[in-house]
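Notes follow the structure.
Rule-based calculations on the coordinates, nothing more; no lab input. In this text, all values refer to a predicted model and were calculated from it rather than measured experimentally. FYI the Cβ positions are ideal-geometry reconstructions off the backbone, even for glycines, and counts take in every protein chain you see.
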Amino acid sequence: MSETNIDFTKEINIEKQYSPKEIESRIYDLWLKNESFKASDVSTKPPYAVILPPPNVTGFLHLGHALDHTIQDVLVRWKRMSGYNSVWVPGTDHAGISTQSVVEKNLAQEGILRTELGREKFVEKVWEWKNQYGDRIVSQMKRLGNSCDWDRMTFTLDEGVSKAVRKVFVNLYNKNMIYKGLKLVNWSPKLETAISDIEVEYKDVKGKLYHLAYPLEDGSGEIIVATTRPETMLGDTAVAVHPKDKRYSKWVGKNLVLPLTQRKIPIIVDDYVDQEFGSGAVKITPAHDFNDYEMGLRHNLPMINILNPNGTLVEGYGAFSGLKSQEARKKIVEALEEQGVIKNIENHAHSVGHCSKTGVIAEPFLSEQWFLKMNELSKPAIRSVESETTKFIPESWTKTYMHWMHNIQDWCISRQLWWGHRIPVWNCQDCQHVNVSEDDLTICQKCKSKNLVQDSDVLDTWFSSALWPFSTLGWPNNTEALKTFYPTNVLVTGHDIIFFWVARMMMQGLEFIKDVPFRTIYIHGLIRDSQGRKMSKSLGNSVDPVEMIDQVGADALRIALMSQLNTGKDLKFSEQRLETYRNFMNKIWNATRFAFIATEESHLDGKTFSDVSSKSEISVFDQWIVFKLGQVMESVDHDLENYRFSDAVNTLYSFLWNDFCDWYLEFSKPTLYSKDSALEKEKMATSLVLFQTLGRALKLMHPFIPFITEELYSKLAVKDSKILCTSEYPTMKNNKNLLAMGSKDAWEEVELLKLVISSIRNIRGENSIPLGQEILAHVVPKDEKSQKILSFHKTLIMKFCKLSEINFDDRTNKSKCAVSPLSFSGSSLEVIVPLEGIVDIDEEIKRLQKNIEKVKKDINILNQKLGNENFIKNAPEDLVESDKILLKEAEMKFRTLQESLNRLS
RNA sequence: GCGGAGUUAGCUCAGUUGGUAGAGUGCCAGCUCGACAAGCUGGUUGUCACAGGUUCGAGUCCUGUACUCCGCACCA
């Protein structure tokens, strides 16, 4: 470790209030200039790798990103400081549908239609758009403080990634795992493209159930069928009944006449039909319903497509043709009613699939698409989680993952879009050969014809995302980066994309690299507003993180988010909490300011970060804070190791604020401000310990609040490196020398002192004795050790409690006195404050009564426990013993309090 | 219907093997004590959702109930 000494300067140009704005941009530039975030492909250090879930390239940072990114940044910074070759690989996603829609909308405003522009020109426009806005999200990520290795920045349409995509496609095609087929898929009529099953969101809708009567061809009767979508009757190709349904058995095999079209359709039997529901007869529309589709396949029924890609009715249905399905429904219902076909309409709640991107109703639509077979791919992905080669945190997500994996369906990977990875398939117009190739083709591989046309579809965005953990590391080349960083350590993401992304990365990683893409999957909750509602534009409750950063700084936002992060639950965002941590930043700022104001330059001359004195030379307060510091290091290490971010934040918060500022800095003031030249040595020691402790605290907090800690660290008089973010993260191990200065004895001594001080302050506070009024106090220890400690710290107690005088002997006349009996670690003592002439004793009577009630309650509980034979018999011995001591102490306190109450009233 | 998470102070949440319920924030009172009013000091706040059970002892373990949230499936 290199030891650098920065000249200590007494010139304090630190403002009273922390203003993050100027500091943050300066500090981020400093990191970039020093290449602090760069990781090496080849290193002797152990690797630690995190791949950023790539945000939409034309998107902007929202609060969810802020949370997701901060978690990753904390981990990556922590590991970087802990001696790892720590890399965070950034990237952005082309986000096929979203980006295409945005650009299309934008062009439409200029009066330009995508279809008029043509594919090539349109894609050019999207690239222009990407180049214009692609940096916005990156600069926002930098404002948040993300310590990405920017040289590794990847875009999903980069050449390398595209190569990977094609290689994967061709490879899977050659293994017969990718196939093209005419199948019923989910379709977005607005986007006019197929979407995958998981891109459909089911919402409960209050609809109607229409009962239609279809007459038999031979006039022998009619069958009532029920439907929520009457317009689909145009595509009916059968009516199905249950094979055991006696009501219909006589008609099975006969034909019905479909109203409006007069088409003849058969009555068939199928087990799928529920006899109990409706009339027990189901109209079958194989081209527009998934269940009907399956039945159509089973019974070899014709599949009549009645919809155009944009959701309007196809030609051939007269006035209905060209209508959107909702209008068509209205008109068709009217027509059917006229003909007396509709027997009944009732209200019916059911859930309807909507396109998750646009919110329009998703239509089951018969079309030719590319599919990836998932069954074989899912097997190793299941095994890897079962064997805990990859672990979910929290573990409960394992079940969700498994359930989906076990019920996995083939994935529709083609999209009828222009923006994305075009499917690497060239169809020969002469010999009809399907050429599948990693390279662009101009000649048919079979007949050498030049008459080739590339498949017009692009791949689902998630197809390239699924390769992200290895495509970003250089695959298909066997790069050093891939060898070093794959499998990555942890994937951090929200639970909303476990199926879309996490599961698919697992499958592709195992298929192509033969190893899991990450060892741990950390799933965090989603951010909601202060009332627990989802954040959305329409509700107007979404919060712009950049605006928050402008207001309170990135650090405050980061630590506020992390302070709420536990057990993967969703978290409610509140600006109040943000303010709390803004204040915390200010506290840290001013604590450091104090360090400069209160210490003298000469005391730190030549001193280094790891210089320590001997225990005998530093004060008991120094020993106390160092002891606490050790505990903090241990606890934070444990919390980070176990992804307990809020615990780590709480530990650091209370150490810095309560232990360091409230007590240690106050304890150190009498020494530091002393003009007594005999105290020079103590001053020196305290100055050093103060700076050393502060330095460690800044380091410990750095992963959470990188900007302010880096800024303050740079000003420190003693430190062990120039740049905090690449310095060593403090642990019990690497701070052995310093921590050896801490001691348990010192801890006990100071805790006793704190107890006495607090109890006198309590008497002051409860009796409303103003600070300006000095008072007399008696502190009566019942044993020699406490006696020694307390008299040693006599002046300090007087200063802390604003006493005119302090006595350590028992006061003989305790009338008109406030009395507090105390016990600590086996010692007991009394604090007595004479109140005569100072305050009205009514308040003191109230205080005593309150304390008596409390002690009485304690005594009752303890008596009950200790009076219980079974407790004595069964409870651990040391518990029984400590309870006995507690009881004794409580009884003593009770007597003391009661006596002083008697004297007062 | 299946699965998951939850219910603890006014609010946001901790509570690791069972051993007298915690923090922050808010609220009340008093303070320009030589870093910080974005501060200091003191105080206030609970039928741990409900009902049973196991146990000497349950916020914690078991069973059931109610409510909230989130997935998935079904829905002619």
* Asked: Alpha carbon centre of the stretch A:732-766 versus the stretch A:833-905: separation in Å?
  -> 25
* Asked: Of A:403, A:242, how do they rank once you tally other Cβ atoms within 10 Å and put the fewest first?
  -> A:403, A:242
* Sticking with the crude label model, points 7 Å out along Cα→Cβ, report the distance from residue A:674 to residue A:151 in nm, one decimal please. => 5.3
* Exceeding the 26 Å Cα-Cα cut-off - candidates A:142/A:607; A:324/A:534; A:244/A:331; A:203/A:534 -> A:142/A:607; A:324/A:534; A:244/A:331
* Asked: To the nearest 500 deg cm²/dmol, what mean residue ellipticity at 222 nm is calculated for chain A from DSSP H runs of n ≥ 4 alone, each contributing -39,500 (n - 2.57), summed and divided by the residues?
  -> -13500 deg cm²/dmol
* Asked: Taking Cα atoms, how many degrees apart are the long axis of helix A:744-766 and the longest axis of chain A, rounded to 10 and kept between 0 and 90?
  -> 90
* Structure fact -> Surpassing 25 Å at the alpha-carbon level, of the pairs A:33/A:719; A:45/A:615; A:794/A:888; A:736/A:794; A:814/A:856; A:782/A:816, are A:45/A:615; A:794/A:888; A:736/A:794
* Structure fact -> Within the stretch A:682-696, the residues whose backbone N lies under 15 Å from a label point placed 7 Å from the Cα of residue A:613 along the Cα-to-Cβ direction are A:682-693
* Rank A:868, A:755, A:364 by how far each Cα sits towards the positive end of the charge dipole of chain A (+1 on Lys, Arg Cβ; -1 on Asp, Glu Cβ) and give me just the farthest. => A:364
* Would you work out if the stretch A:430-545 is rounded, prolate or oblate? Take a ≥ b ≥ c from the square roots of the eigenvalues of the alpha-carbon gyration tensor; rounded if a/c is under 1.5, else prolate when a/b is larger than b/c, oblate otherwise. => oblate
* Reachable lysines, given that their alpha-carbon falls under 25 Å from the alpha-carbon of residue A:448 and they are not under 8 places away in the same chain -> A:163, A:167, A:175, A:180
* To do: Kindly express, to the nearest 10 degrees and within the range 0 to 90, the angle between helix A:63-81's C-alpha long axis and the longest C-alpha principal axis of chain A.
  => 60
* Structure fact -> Length gained if residue A:771 through residue A:271 is fully extended, taking 0.36 nm per residue and subtracting the Cα-Cα distance, is 171.3 nm
* FRET E, pair residue A:376, residue A:877, Förster distance 60 Å, beta-carbon r, rounded to 0.05 -> 0.50
* Once amide H atoms are placed 1.01 Å from N in the peptide plane, what residues at a sequence separation of 5 or more from residue A:817, or on another chain, have their amide H within under 5 Å of its amide H? -> A:835
* Asked: PRE reach from residue A:42 (point 7 Å along Cα→Cβ): which of the stretch A:458-502 fall under 17 Å by backbone N?
  -> A:478-486
* What is the gain in length, in nm to one decimal, between residue A:171 and residue A:856 on full extension, counting 0.36 nm per residue of separation less the C-alpha to C-alpha distance? -> 238.8 nm
* **Proxy reagent accessibility, fewest Cβ within 10 Å first, across A:840, A:270** => A:840, A:270
* Provide A:896, A:592, A:484 in ascending order of the number of other Cβ atoms located within 10 Å of each residue's Cβ, fewest first. => A:484, A:896, A:592
* To do: Compute the Cα gyration tensor for chain A, then decide on rounded, prolate or oblate, letting a ≥ b ≥ c be the square roots of its eigenvalues: rounded whenever a/c is under 1.5, prolate when a/b is larger than b/c in the other cases, and oblate in all that remain.
  => prolate
* On a 0 to 90 degree scale, rounded to 10, what angle separates helix A:842-866 from the longest Cα axis of chain A? -> 70
* Which part of the stretch A:485-512 falls in the paramagnetic zone of residue A:438, meaning amide N under 15 Å from the point 7 Å along Cα-to-beta-carbon? -> A:512
* Asked: Could you give me the ³J(HN,Hα) list for the stretch A:44-49, computed from phi with Karplus coefficients 6.51, -1.76, 1.60 and θ = phi - 60°, whole Hz, x at Gly and Pro?
  -> 7, 6, x, x, 9, 10
* To do: List every residue whose amide H lies under 5 Å from the amide H of residue A:269, counting only residues 5 or more places away in sequence or on a different chain, with H placed 1.01 Å from N in the peptide plane.
  => A:241
* Asked: Long-range amide H contacts for residue A:433: which residues qualify at under 5 Å (H placed 1.01 Å from N, peptide plane, sequence gap of 5 or more or a different chain)?
  -> A:428
* **Charge dipole (the stretch A:54-169, unit charges on Cβ, about Cα centre) - positive-most of A:117, A:127, A:160** => A:160
* Evaluate the charge dipole of the stretch A:424-542 about its Cα centre and quote only its size in Debye, nearest 20, assuming +1 on the Cβ of each Lys and Arg and -1 on the Cβ of each Asp and Glu. => 420
* Pick out, from A:560, A:898, A:221, the residue whose Cα sits farthest towards the positive end of the charge dipole of chain A, with +1 on the Cβ of Lys and Arg and -1 on the Cβ of Asp and Glu. => A:221
* Asked: Can you list the HN-Hα couplings for the stretch A:569-580, worked out from phi with the Karplus curve (6.51, -1.76, 1.60; θ = phi - 60°), rounded to whole Hz and with x for Gly and Pro?
  -> 6, 4, 10, 8, 8, 9, 5, 5, 5, 4, 5, 3
* To do: Pull out the extension gain between residue A:808 and residue A:569, defined as 0.36 nm times the separation in residues minus the alpha carbon to alpha carbon distance; nm, one decimal.
  => 80.7 nm
* Shape of the stretch A:193-264 from its Cα gyration tensor (a ≥ b ≥ c, root eigenvalues): rounded if a/c is under 1.5, otherwise prolate when a/b > b/c, or oblate? -> prolate
* To do: Please get the size of the charge dipole for the stretch A:690-826, origin at its Cα centre, with Cβ charges of +1 on Lys and Arg and -1 on Asp and Glu, quoted in debye to the nearest 20.
  => 100
* Asked: Using unit Cβ charges (K, R positive; D, E negative) and no other charged atoms, how large, in debye to the nearest 20, is the dipole of chain A about its Cα centre?
  -> 540
* From the cross-link list A:514/A:699; A:373/A:399; A:21/A:572, which pairs have alpha carbons spaced over 32 Å apart? -> A:514/A:699
* How large is ³J(HN,Hα) for each residue in the stretch A:776-787, as worked out from phi by the Karplus curve 6.51 cos²θ - 1.76 cosθ + 1.60 (θ = phi - 60°), to whole Hz, x for Gly and Pro? -> 9, 9, 10, 10, 10, x, 9, 9, 5, 4, 5, 3
